[in-house]
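Take a look at the structure set out below.
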Amino acid sequence: MLRPRLAAVVAVPALVLAGCGDGGPGADARPAGVRPAGADVTIRVPADAPTISAGVALAEPGDLVLVAPGVYHESVEVDRPRVTLRGESRDGVVIDGRLRQPNGIVVTAPGVAVENLTVRHNTQNGVLLTGSAKAASGTPGEGGYDTGDEPVTFLKSFAVSHVTATRNGLYGIYAFSAQDGVIEHSYASGSADSGIYVGQCKPCRIVVRDNVAELNAVGYEGTNASGDVYVVGNRLVGNRVGLTISSDHQEKLLPQQDAVVAGNLVAANQQAPTPEQADGGWGVGIGIDGGSGNQVVRNRITGNATAGLVLTATADLPPNGNRIVENSFAGNGVDVGWTFPTATRGRDNCLRDNDLTATAPAQLATDAACPIADESPSGTWPSPRPPRGIPFSEVAGPAAQPEFPNATTARATAVAEVPVLPAVAQVVLPPLSLLADRAVVQTS
């Protein structure tokens, strides 16, 4: 629980004010509570506040909470707008839940940046960004966080950068009922659900780029996440399932629509020493389950034992109008498999200019060539039996990760109200070596 603001002010001897002359924090120090009008303050933990939560309680909009190396056994809620929470060392600043607390960091205020630290061993989430009071409390309702007729409340604007989220019980980095954000340069592993999750937003305007997700049940998951969702340039290698886009009745804002998956490496998603996937999925690169209007463009999808890309329906929700364009497939069980085991089928899904070897049904590339306006064909193919998983807490730890630039001297981050969205036409097909220096699981 956050310490009351006045109590926190009394508890600390000084605040370090961001200097106006040289642009760096630490240029000036004044007695606690003395702040020039409009000044942005750097609050150092533990020098100015004994805990991260106490540091956040001191912060005002525009402030930086800068955390020294150490292991912190606390759950931090950032409920003050436009605050930056940053570690001095990404691998050295560790928020450790000790498998006792639901969340490592919970962001409930707009314009917050979380940077350059590690969050591990939480029973639910490493970093949760949400406008949902139920989600923030860690007490999901029946069938989902926001069941009932109440309107969806969004968290507006956020940034997660250079964060390592490892061995958490549900999600590593979890943006739920949130809009206008960026998740970048981060690492997620050992998540029993998915490493990075974007859910229940419309329009989302969320960019997920330049991240590594490995050794999770699912690397990236986008559920009921519609409108300007960009998953670009990520390494989704060595999970049970690389990436899923889905519609799900357990969350609001059905159906899922209009996401872009471009320039990602999606490979070798059949790792046994990982948490078991809830639906038993294994060996799949990309799954589109009841999602519509999505673009899958110039991804390298290789070495996934069951299938490179699977298209199917979610109960009564068909996938319609998905475009699979200019991707490179190699070494998968089948490269692309479309399957509709019930009467619910998709329409107007198509493939164009992909490097394909095997599809199900066999003539899929011809029968579903873009442009098309017809019912999608269906096929079947053999699927390997998934191996038993391991507890999320036993997944291998991460490799050393790159630092946030100038972490100890840069000012607080000004989070954009709306992020700049990627230009898909400029996204290129990635090499097998994409972000390999940050990864435990390598590709051959």
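The values are calculated or read from the model by the stated rules, or taken from the named source; none is laboratory data. Everything numeric in this text was worked out from a predicted model, so none of it was measured. Virtual Cβ from ideal backbone geometry, glycine too; neighbours counted across all protein chains shown.
Residues in region 322-336 that are buried (at least 20 other Cβ atoms within 10 Å of the Cβ) and closer than 21 Å to P255 by Cβ: N322, I324. Scanning region 209-226 for residues that are within 21 Å of A313 (Cβ to Cβ) and out of contact with any Phe, Trp or Tyr (no Cβ under 6 Å at 6 or more places or on another chain) gives V218, Y220, G222, T223, N224, A225, S226. Filtered by the rule that a residue be at pLDDT below 95 and at positive phi, region 265-283 gives a lone residue, G280.
For region 359-370, does any single residue satisfy the condition of being surrounded by 14 or more Cβ atoms within 10 Å (Cβ to Cβ), β-branched (V, I, T) and either in contact with a His (Cβ under 8 Å, 6 or more places away or on another chain) or not in a loop (DSSP other than H, G, I, E, B) (or both)? Write out each step before concluding.
Residues of region 359-370 surrounded by 14 or more Cβ atoms within 10 Å (Cβ to Cβ): 359-361, 364-365, 367-368.
Then keep just the ones that are β-branched (V, I, T); that gives 359.
When the remaining residues are screened for being either in contact with a His (Cβ under 8 Å, 6 or more places away or on another chain) or not in a loop (DSSP other than H, G, I, E, B) (or both), the result is 359.
Yes - at least one qualifying residue is present in region 359-370.
Criterion first (buried (at least 24 other Cβ atoms within 10 Å of the Cβ) and touching a helix residue (DSSP H, G or I) at 6+ places or on another chain (Cβ under 9 Å)) does I52 satisfy it? It would help to see each step written out before you state the result.
On the way: buried (at least 24 other Cβ atoms within 10 Å of the Cβ): yes; touching a helix residue (DSSP H, G or I) at 6+ places or on another chain (Cβ under 9 Å): no.
Against the criterion (buried (at least 24 other Cβ atoms within 10 Å of the Cβ) and touching a helix residue (DSSP H, G or I) at 6+ places or on another chain (Cβ under 9 Å)), I52 does not qualify.
The residue that is modelled with the lowest pLDDT, counting only those in region 304-358 that are among the aliphatic types (A, V, I, L, M) and assigned to a loop (DSSP other than H, G, I, E, B), is A315.
Give the residues of region 289-299 that are assigned to a strand (DSSP E or B) and crowded, with 24+ Cβ neighbours inside 10 Å, sorted by residue number.
Pass one, region 289-299, residues assigned to a strand (DSSP E or B): 289, 292, 295-297.
Answer for region 289-299, where residues must be assigned to a strand (DSSP E or B) and crowded, with 24+ Cβ neighbours inside 10 Å: just V296.
In region 174-211, of all residues being surrounded by fewer than 24 Cβ atoms within 10 Å (Cβ to Cβ) and in contact with an Asp or Glu (Cβ under 6 Å, 6 or more places away or on another chain), the one that is nearest to E417 (Cα to Cα) corresponds to R205. Just checking, how many residues over region 38-96 are part of a strand (DSSP E or B), of a type outside the set (A, V, I, L, M, F, W, C) and over 22 Å from E403 (Cβ atoms)? The number of residues fulfilling the criteria is 1. Using the structure shown, decide if G70 is of a type in the set (G, A, S), more than 23 Å from A396 (Cβ to Cβ) and buried (at least 23 other Cβ atoms within 10 Å of the Cβ). In short, no. Inside region 400-444, residues that are buried (at least 18 other Cβ atoms within 10 Å of the Cβ) and touching a helix residue (DSSP H, G or I) at 6+ places or on another chain (Cβ under 7 Å) make up a count of 1. Looking across region 125-158, just one residue is surrounded by fewer than 22 Cβ atoms within 10 Å (Cβ to Cβ), at pLDDT 95 or above and within 25 Å of G87 (Cα to Cα), and that is K156. What number of residues in region 232-264 are at pLDDT 95 or above, over 14 Å from R300 (Cβ atoms) and either crowded, with 24+ Cβ neighbours inside 10 Å or among the polar types (S, T, N, Q) (or both)? Within region 232-264, residues that are at pLDDT 95 or above, over 14 Å from R300 (Cβ atoms) and either crowded, with 24+ Cβ neighbours inside 10 Å or among the polar types (S, T, N, Q) (or both) number 11.
Residue count for region 395-409 under the criterion of being without any contact (Cβ under 8 Å) to a residue 40 or more places away in the chain and at negative phi: the result is 1. Residues in region 159-196 that are within 10 Å of V212 (Cα to Cα), assigned to a strand (DSSP E or B) and either out of contact with any strand residue (DSSP E or B) (no Cβ under 7 Å at 6 or more places or on another chain) or not hydrophobic (A, V, I, L, M, F, W, C) (or both): T164, E184, Y187, S189, G195.
Give the residue that is surrounded by the fewest Cβ atoms within 10 Å (Cβ to Cβ), with candidates limited to residues of region 300-321 that are polar (S, T, N, Q) and without any contact (Cβ under 8 Å) to a residue 60 or more places away in the chain.
Residues of region 300-321 that are polar (S, T, N, Q), as a first pass: 302, 304, 306, 312, 314, 320.
Add one more test, that the residue is without any contact (Cβ under 8 Å) to a residue 60 or more places away in the chain, and what stays is 312, 320.
Details: T312: 23, N320: 19.
Restricting to residues being polar (S, T, N, Q) and without any contact (Cβ under 8 Å) to a residue 60 or more places away in the chain, the top hit is N320.
For region 198-227, the tally of residues that are assigned to a strand (DSSP E or B) and not aromatic (F, W, Y) stands at 18.
Here L364, L351, L356 are screened, and the one residue that is more than 23 Å from S226 (Cα to Cα), touching a helix residue (DSSP H, G or I) at 6+ places or on another chain (Cβ under 9 Å) and of a type in the set (A, V, I, L, M, F, W, C) is L356.
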